[in-house]
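Take a look at the structure set out below.
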Amino acid sequence: MHQLGTDLRYGLRMLAKTPAATATVLVALSLGIGISTLTFSIVDSAVMPTLPVPDGDRVVRINRMGQTPTSAVDFERWSTRQRSFDGLAGADMRMVSMATPGFAPRSTLGAAITPSLLPLLQVEPALGRGFTDADASPGAPAVALINHALWMERFAGEASAIGEVVRVDGAPASIVGVMPEGFGFPLDQQVWTPLDLDPAHVDPAAAPAGDGRFIVGRLRREASHASAAAELTALTRELDTESRGAAGPESAIRVAEFTDMFGDPGGSTMVAVLLTGVALLVLLVACANVTNVLLARAIDRQREVAVRMAMGASRVRVTLQLLAEVSLVAAAGGVGGALLGLFGMRAIDAAMPPGMPYWISFRMSTTLLGFVAIVAVVAAIAAGLMPALLAGRVSTDTVLKESSRGSAGVGVTRVMGRLIAVEIGLSFALLVLAGLFIKSGMRFRATEFAFEPREVYTAMINIPAGPPGDSASRGRLAEELREGIAALPDVEAVALGTAVPGVGSSGTVSVDIRGSGDTGEEAGRRARSIAVTPEYFELFRAPPVAGRTFRASELTDASAVAVVNEAFAESHLGGSALDQRIRLVGTSGEEDWRVVVGVVPDLLPGGIEVELPETVYLPLDPARREGLVLVARPRVALSNLVAPIRDAVLALDPDIALFNIQPLDQVIASANSHFRWLSIVFLVSGGVALFLAVTGLYGVMAFWVIQRTHEIGVRMALGGRRVTIAWLVLRRGMARTAIGLAVGLLLALPAALWLGSALFGVRPWDPVVFGLTGSVLALAAVLGCGVPVRRATRLDPRRVLAGE
C-alpha cells in the first residue's frame, strides 16, 4: 500500500507537468464514459426495463398477432387450457371521466381489470382492499381503486377516502382501495374498475375495437416466452378452427415481457443492441484517442524511464507505476462521465412527454454507478496498457546513447496512425447513419398526402355508456355532440371515427372476397377495419375515386355497405370493387356481409410505412364504440377552436372525456418521431466521435512534427520550400484520413442496410449522404492538421541545427 501511495503521488505530479495532454485524456474519457452511462441508463430504464413488481421479468403481455383485439372468449379458453403460466388476468385501458366530491370532472387514464390481476402482480392496495369476483359480477355495486397521487390530491391522504362515492364516466362508484405510491399499472393509471371477462356475461359484439384490451400472464419458471407463445398459438388455432372453420394469421400469439413497448417481437432487443453498439463505438474512439496521447507521453518519457531502470527499477515496477498513473486519469474520467450521464438523464427526463409508463425512471442508481466504475476500469486498461508496456520495454543502453531529440520509432508511429484511422472510420459510420435519418425526416416532412392533415383538430373522446341495456342513449349522445360542434360558427366540418389518417389503426378483420369460405387462395386475407361518419372523407378533402361514401341513414352496423381504399380494391378485388360482396370475419368468428359502394384514396391508415395498407371503412355506430376520435376542421386559426369545443362538450355532458387534443399534423409527426430521435442519437454520437478523432489527429500530427523537427530543419536548410514542407505534413495526415474513410465505408454500409427498414424514402447507400459525410470529415481532418502544418512551416532551420 505504501508503494501504491507513492506511485499515485508521483503520477499526480507527472500529470500536472503536462496539463494539455492530461486535459485531452480527461475530456476523451469523460465523453466516452458519459455517453456509455447515459445509453446504459436509457436501455435499463426505458428500452428493456423490468416491471417494478416481484419477479417482474416473468410478467408478460399476451396478444393475438396482426393487432387483432383479444376477446373474452380468448381469455376463457387460454385460462382453462394453458400450462405455461401461473395465472392469467385481463385489463382494458381507456380514458375515463373522473369526478370526485368538491372537484370538477376531468379526463384521466383508467383501466378495467379482472380481480385476478393484483394477486398475479403480487401487489396489494396500501389502503383498503382489491377487487373480488363478486365486484366483477353482473349487477354488483360499482367500485373503484384510485392511485396514491389522486388520493393525496383529492382526499388529502385521509383514510376516510375509503367508501367515498366518485363518478367514473358518469356512473357512481365507491372507492374500496388506494394503490401503493408509484403504482400505475399498466401504464400510468389513476383509477381502476372491475372487468368481467366471463363469456357468459360479455356480448362478443360489444368488445372494444381498439387495442386497449390485453391479457397479462405470469410465466412459470420452467417456461419461456417462445414455448408459451407456441402453446397458446397451437391452442388458439385449434379453437379458431372449431369456432370459425379456419385459423388465420391472427391465430398466432405473441408473448413478450410486459415492459416491451415495441410492436415487433425482438424490437426492444434490436433497439438495445443499437444503442449499446453506438455507445461502445464512441467509447472505443475515446480509448483510441487516449491511447494515442499516452503513447506520445510514453515516447517523451523514454529517457526518464531508462534512467529509472538504470538505477535499479524493474520493468514490472515501472509498468505498474505507469498503470497507476493511468488509473488516476480513468478515475477522474469516470467521475466526469458520471456527471455528464447525470446531466443527460435529467435533460432526457425533462424532455419526456407526460403520461409515460410508470416504470420508466431515469435516475443514478447503484447499478448505474457500478456500471460507470466497470467502464472506467475497462477504459483505463484498454487505453493505458499498450503505452505502459511500451514504456516498460525500453532499452536502457539505446535510449541513453541517443541524442536529445529522441525517436518515436516506426512501429509506434504506425500504431498511432492506425488508431487515428479507426477513430475516423467510426466517426464516418456514425455520421452517415445520422445523415440517413436526418434525410428520412426531411423526406417525411415533405411527403404529399392524399389527404390534408394541416389545420385539423383531433381529440380522443370517451362517451359514457349510459344506463345498462340502453346502448341507444350513447349513440344519441354521440350524434348530439357531433351536431353541436358542427353548429359552432368557427367549425367548417366535423366527423367521428375510430382512427385518423396517417396514424396506425389496430382494428383488423379477416376478409372473404367471393364468399367461398375459408379454403383456396381467398383464405387468410386481412384488412384494417375503420368505422367513420359520412363527413369523414369530405373533412380530409379525400373524395371517392369511384362510387360514393356513406349516407347519414347508414350510420349503423346493420347497414350492409362498405367503402374500401384503393389498396384494398387493387389487392383483393382486382381493381373492380363497386357492388362486390365481401364477408368480414371478426375476432370472435362473427360474420358480416357487406356490399362495396365506394373506393377512396389510400389515407395511410396504418401510418407512413405499414405492412397492411388494405382498409375497409364501415359506417360508424357510436352506440357500440367506447373510444372514438373527434376530428374538426376550423374556419379560423386552429388554436381558437380548442376552447369552443371544450365548452360545447361540457355543456352537453360534463362526464364526456376529451383528451389528447392535438393538431393532426403533430399527431402524425409524433407517430413517426423515431426519425428525429435516431438522428439525434447518431448525430450526437458521431459529433463526439468526430471531435475526438480530429483532436486525436491533431495530437498525432503535432507529435510527428516534433519528432521530425531535425529532418524538417535539414530539408529547409537544403532549400526546401514552406509549401513543400506543408504538403509533407498534410499528406501524412490525409493519408490516415483516407484509410479511416475506407474503414468507415466498410462499417457504414452494412449498418445502413441493417437499419434500412427504419428509413423513409432514402436508400441505405444514398450517395449524397455518404459523399457529404466524407467531405465533412476530410475538411475536419484538414483543420486538424492545420496547427501542425503551421508549426512545421515556421521552424527556423538555424536554431534547429544549432540545437544539435
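Numerical summary
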{"item": "Checking VAL123 against (1) touching a residue at least 12 places away in the same chain (Cβ under 8 Å); (2) aliphatic (A, V, I, L, M); (3) not in a loop (DSSP other than H, G, I, E, B), the condition it does not meet", "result": "(3)"}
{"item": "Selection within segment 737-758 - open to solvent by less than 70 Å² (accessible area, probe 1.4 Å) and small (Gly, Ala, Ser)", "result": "ALA738, GLY740, ALA742, GLY744, ALA748, ALA751, ALA752, GLY756, ALA758"}
{"item": "Residues of segment 162-182 that turn out to be surrounded by fewer than 22 Cβ atoms within 10 Å (Cβ to Cβ), over 15 Å from ARG94 (Cβ atoms) and not β-branched (Val, Ile, Thr), as a count", "result": "9"}
{"item": "Test result for GLY475, modelled with pLDDT under 85, over 35 Å from the mean Cα position of the chain (by Cα) and open to solvent by 50 Å² or more (accessible area, probe 1.4 Å)", "result": "no"}
{"item": "One residue from ALA465, ALA487, ALA493 being under 36 Å from the mean Cα position of the chain (by Cα), open to solvent by 10 Å² or more (accessible area, probe 1.4 Å) and modelled with pLDDT of 85 or more", "result": "ALA493"}
{"item": "Residue within segment 3-10 that is under 30 Å from LEU195 (Cα atoms), free of Cβ contacts under 8 Å to residues at least 40 places away in the same chain and surrounded by fewer than 18 Cβ atoms within 10 Å (Cβ to Cβ) present", "result": "no"}
{"item": "2 or more residues at pLDDT 80 or above: qualifying helices (runs of 4 or more DSSP H) within segment 254-373", "result": "267-300, 315-351"}
{"item": "Check on ALA717, hydrophobic (A, V, I, L, M, F, W, C), in contact with a helix residue (DSSP H, G or I) (Cβ under 6 Å, 6 or more places away or on another chain), touching a residue at least 24 places away in the same chain (Cβ under 8 Å) and surrounded by fewer than 17 Cβ atoms within 10 Å (Cβ to Cβ)", "result": "yes"}
{"item": "Count of residues meeting criterion [more than 30 Å from GLU153 (Cα to Cα) and either in contact (Cβ under 8 Å) with a residue 12 or more places away in the chain or assigned to a strand (DSSP E or B) (or both)] in segment 68-98", "result": "19"}
{"item": "Test for GLY761: is it in a helix (DSSP H, G or I) and surrounded by 13 or more Cβ atoms within 10 Å (Cβ to Cβ)", "result": "no"}
{"item": "Count - residues of segment 485-503 that are closer than 21 Å to ARG551 by Cβ and not in a loop (DSSP other than H, G, I, E, B)", "result": "8"}
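Per-residue answers, yes or no, for (1) of a type in the set (Lys, Arg); (2) buried (at least 20 other Cβ atoms within 10 Å of the Cβ); (3) assigned to a helix (DSSP H, G or I):
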position	(1), (2), (3)
LEU630	no, yes, no
ARG633	yes, yes, no
ALA643	no, no, yes
LEU650	no, no, yes
ASP655	no, yes, no
ILE661	no, no, no
ALA669	no, no, yes
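The values are calculated or read from the model by the stated rules, or taken from the named source; none is laboratory data. Source: prediction; values computed, not measured. Cβ sites come from the backbone with ideal geometry, for glycine too, and all protein chains shown count toward neighbours. Heads up: the accessible areas ignore ligands, DNA and RNA and are worked out on the full protein's heavy atoms, side chains in. Shrake-Rupley method; radii C 1.70, N 1.55, O 1.52, S 1.80 Å.
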